[in-house]
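Every read-out reported here was derived from the displayed coordinates using simple, explicitly stated rules and does not represent laboratory data. Quantities reported herein were computed from a predicted structural model and do not represent experimental measurements. Note that we place each Cβ from the backbone using ideal geometry, even for glycine, and neighbour counts take in every protein chain shown.
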Amino acid sequence: MVEPPKLPAPRGGAPSSWVALLRGVNVGGKGRVSMQELRELFESLGFEDVRTLIQSGNVIFRSASTPSAGILEDAIAERFQVTSPVVLRTSPQLAEIIRSHPFSDVDRAHLHVGFMVEAISEEAVAAFDVDRFAPERIAASGTEMYFCLPGGMGSSKLASYVSRRLGGSTTVRNWNTVTTLATLAAA
């Protein structure tokens, strides 16, 4: 087996908490990744306090240097033969995502967050034809797309529509997972 590439050496200072969100793992029997092996992979790359949350590719870890999504994607592909975009967020970023959600008027069980690799412009969001999906709604803020899905993610036509237009650069988590990741990353 080829050893995964190492990240740059830490530059000193206290390690920061990070969350890596893998897209499309362990969904519908595809992209099978063992969470134990995923933790081991992250540890082999020099990360500390590596934990996973549920089976959908959520990794909480500490690093004194800024991790590279590209290096993680390459290491995951090498180890698991799975192509999975990785989106990285820091603990403070997750806290801000939670504070900034635009749907304070809805049951949080209906909230989901799409974590994007790159920010989407307000113009691009405005160009989406989303009115036909009411009562489902979206709102974007920087690199996050917030979804209000009263019928849930599994039956959402809006989520599928938006996902197709954004390509494969977004991974979605329900509100409970987002808040749990934030809590774990802040600990």
Positive dipole terminus of segment 30-187, leading residue within LEU72, PRO150, LEU181 (C-beta point charges) | PRO150
Could the peptides 115-128, 80-93, 171-184 be put in order, highest first, of the mean number of other beta-carbon atoms found within 10 Å of their residues?
-> 171-184, 80-93, 115-128
Listed by chain and number, the residues whose amide H is under 5 Å from that of VAL25, excluding neighbours fewer than 5 places away on the same chain and using placed H, are none
Extension reserve of the PHE103-THR180 stretch, reckoned as 0.36 nm per residue once the Cα distance is removed | 25.9 nm
Would you mind checking which residues have amide H under 5 Å from TYR146's amide H? H placed 1.01 Å from N; only 5 or more apart, or other chain.
-> GLY114, ALA139, ALA140, SER141
Taking every other residue with Cβ under 15 Å from the Cβ of TYR146 and scoring Lys and Arg +1, Asp and Glu -1, one gets -1
Report the label-to-label distance for THR90 and ALA69 in nanometres (one decimal), using points 7 Å from each Cα along the Cα→Cβ vector.
-> 1.6 nm
In whole angstrom, the spacing between the Cα centers of segment 159-177 and segment 72-115 equals 10 Å
How large is the helix-only mean residue ellipticity at 222 nm for the chain, computed as the sum of -39500 (n - 2.57) over DSSP H runs with n ≥ 4, divided by its residue count, in deg cm²/dmol to the nearest 500?
-> -9000 deg cm²/dmol
Hull volume per residue for segment 96-186, using the convex hull of the C-alpha atoms, in Å³ is 98 Å³
Which shape class applies to segment 107-159: rounded if a/c is under 1.5, otherwise prolate when a/b exceeds b/c and oblate if not, where a ≥ b ≥ c are the square roots of the Cα gyration tensor eigenvalues?
-> oblate
